[in-house]
Amino acid sequence: MAYRGVSERKIVFTGGDLINYNLQPSQFLSGFLMELLEREDSARSVVYTFPHLNIQEFVAAVAQFLMPDGRDIMKLLTEAHCVKDGRFEVFLRFVAGLSSPMTTRGLEEFLGPFPHQTTCQVIDWVKEEVKRRSGNTESEAGKRSLLNTLHYLFESQNSGLAQAALGSAETLSFSGMTLTPIDCAVLSHVIGLCDTIKHLDLENCHIQCEGIQRLGPGLHKCQELRLGQNELGDTGVKLVSAALRNPECKIQTLWLNRVGLTDSGAEDLVSALSTNPSLTELYLSNNKLGDSGVKLVSEALRIPECKIQKLGLNNVGLTDSGAEDLASALSTNPSLTWLGLGENSLIDLSVPGLRRLILTLPSLEWIWLWGNRFSETGRKELESLEEIRPGLRVIL
C-alpha cells in the first residue's frame, strides 16, 4: 500500500484500501498510520495517512526489498529511476541504504533476514547506474540523474562499491544546477572514497558558505576544481584555502572567478598558495580585489614553492598603480606562461610596466589585455612586443 502511494503520489488511504491489502487499522495506528476525519457534504468518514511522507517511502522501500527473490527488483529500480518528476528519489535512496548490513542489522530482529540475492542485485544496480550516468552530464536531466545516483552511493555506505563505480570517473559536472548543503555533503563523502577526481565542475551551483563547508573535506582530491560563480565570499574562499594547505592536495587548476572575493580574503588564499606545490592554474577574474588584492596575489608568485603557470586577473579592479606592483612581483617568476589582465582600468601609464613584465618573463606565451583603455599609440607599442618576442601573443 505504501509503495502504491509513492507510485501514484497518494498519501491518504481509505478503509477500503486497507481491506484490499488485508490490513487491520488497529494494528498500525500507534506507529505507522494516523486517523483523520474527512468531511464530505454532511457525512464524515475516517481516512488514514502515514505520519510523514518519508515513513511511507521507507515502508515502501522495505516492502520491495523483502519481496521474494524471484521478483525482478533491478527492473523496478531502473523504471523508478527513469521517472523524471522526482516521486521515487527518496524511495530509491532508502532501497540503496537497505543494501548496507549496518542498516539492516537492527531491522532483521523484527523482519527476519534480508534476502542476500536482493542485496546483491541492488548493489549491482547502483554500480551500473553510477557508471552509466557519470558519462552523461551535458543536460540538466543528466546532471540531476547523476546526483541522485551519488545519493544512492552515499546511502549504501559501501566504500568498495563507490571505488568500483567511480574509480575510473574523470569528470563530475554539475554546473548550473542548484546544490543544497545536503547535496554537497553527499558529494564530499563520495569524493572522499575515491583516490582522485580529475575534474569537478561546480560552477554556478548556488553554493554558499554552508555548502562549501560540507564539501571541504573532499576538495583536495580534485585535480581540476571549478567553483566560479558561487556566493562563497571571503569566508568560503578561506575554506577552499584549507584544501590547498592539505599535504595531500592534488588541485592543479582552481577556478574562483566571480565568487565575491575581496582583498581581505585574498590574504588567506595567498598564505595557502605559499605552501602549495601542486597548483599550476589559478583564475580569480571578476572579483573585487583592487590593487591591494592583486599585489597580495602577485607577491605569492615570488615564493619558490609557488608553481603557478596561468593566472587570471580579468576585471578585478586593477589600475596603473597596481600594474607596477604586479610587474615587479612577477618579474622573478620563471614559470608563468599565461596572464589575463583584461577589462581592468589600465591606460597608457601602465604600458612601460607591462612591457618590462613581458620582456622579463621568458616563459610568457599569452597575455590578455582586452577591454582596457589604451590609446592607439599604447596598443601599437604593446603589439610590437610580438615581434621582439617570437611566439608571444598579446590580446588587445
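The values are calculated or read from the model by the stated rules, or taken from the named source; none is laboratory data. These figures come from a predicted structure and were not determined experimentally. Methodologically, a virtual Cβ is constructed for each residue, glycine included, from the backbone with ideal geometry; neighbour enumeration extends over all protein chains shown. The accessibility values were calculated without ligands, DNA or RNA, using every heavy atom of the protein model including side chains. Shrake-Rupley method; radii C 1.70, N 1.55, O 1.52, S 1.80 Å.
Does residue 145 count as of a type in the set (Ser, Thr, Tyr), on the phi < 0 side of the Ramachandran plot and open to solvent by 40 Å² or more (accessible area, probe 1.4 Å)?
no
If I filter the stretch 24-38 down to residues being surrounded by 13 or more Cβ atoms within 10 Å (Cβ to Cβ) and part of a helix (DSSP H, G or I), which single residue comes out as modelled with the lowest pLDDT?
Residue satisfying both the conditions and the ranking: 28.
Under 9 Å by Cβ, and 6 or more places apart or on different chains, what pairs join a residue from the stretch 204-226 that is among the charged types (D, E, K, R) with one that is part of a helix (DSSP H, G or I) and open to solvent by 50 Å² or more (accessible area, probe 1.4 Å)?
Qualifying pairs under 9 Å: 214/182.
With the requirement that a residue be within 18 Å of residue 276 (Cβ to Cβ), not charged (D, E, K, R) and not in a loop (DSSP other than H, G, I, E, B), what does the stretch 216-235 give you?
216, 217, 218, 219, 222, 223, 225
Specify which of the listed residues (277, 334, 304, 362) is without any contact (Cβ under 8 Å) to a residue 12 or more places away in the chain and either open to solvent by 10 Å² or more (accessible area, probe 1.4 Å) or farther than 22 Å from residue 393 by Cβ (or both).
Testing whether each residue is without any contact (Cβ under 8 Å) to a residue 12 or more places away in the chain and either open to solvent by 10 Å² or more (accessible area, probe 1.4 Å) or farther than 22 Å from residue 393 by Cβ (or both) leaves just 304.
Identify the residue in the stretch 79-94 that is within 16 Å of residue 59 (Cβ to Cβ), touching a residue at least 40 places away in the same chain (Cβ under 8 Å) and not charged (D, E, K, R) and, among all such residues, is surrounded by the most Cβ atoms within 10 Å (Cβ to Cβ).
The qualifying residue surrounded by the most Cβ atoms within 10 Å (Cβ to Cβ) is 92.
Taking the stated definitions as given, is residue 109 open to solvent by 70 Å² or more (accessible area, probe 1.4 Å), touching a Phe, Trp or Tyr at 6+ places or on another chain (Cβ under 9 Å), acidic (Asp, Glu) and free of Cβ contacts under 8 Å to residues at least 40 places away in the same chain?
The answer is no for residue 109.
Check every one of the helices (runs of 4 or more DSSP H) wholly within the stretch 137-209 and list those with 2 or more residues that are among the β-branched types (Val, Ile, Thr).
Hits in the stretch 137-209: 181-192.
Would you mind finding the one in 298, 328, 285, 345 that is open to solvent by 10 Å² or more (accessible area, probe 1.4 Å) and at pLDDT below 85?
328
Being open to solvent by 50 Å² or more (accessible area, probe 1.4 Å), assigned to a helix (DSSP H, G or I) and either modelled with pLDDT under 85 or of a type in the set (Lys, Arg) (or both) narrows it down to one of 373, 379, so name that one.
379
Looking for whichever is in contact with a Leu (Cβ under 7 Å, 6 or more places away or on another chain), farther than 30 Å from residue 232 by Cα, surrounded by 20 or more Cβ atoms within 10 Å (Cβ to Cβ) and of a type in the set (Val, Ile, Thr) here; the options are 126, 190. Which one fits?
126
Could you go through the stretch 317-325 and let me know if any residue there is in contact with a strand residue (DSSP E or B) (Cβ under 9 Å, 6 or more places away or on another chain) and open to solvent by 10 Å² or more (accessible area, probe 1.4 Å).
Yes, some residue in the stretch 317-325 is in contact with a strand residue (DSSP E or B) (Cβ under 9 Å, 6 or more places away or on another chain) and open to solvent by 10 Å² or more (accessible area, probe 1.4 Å).
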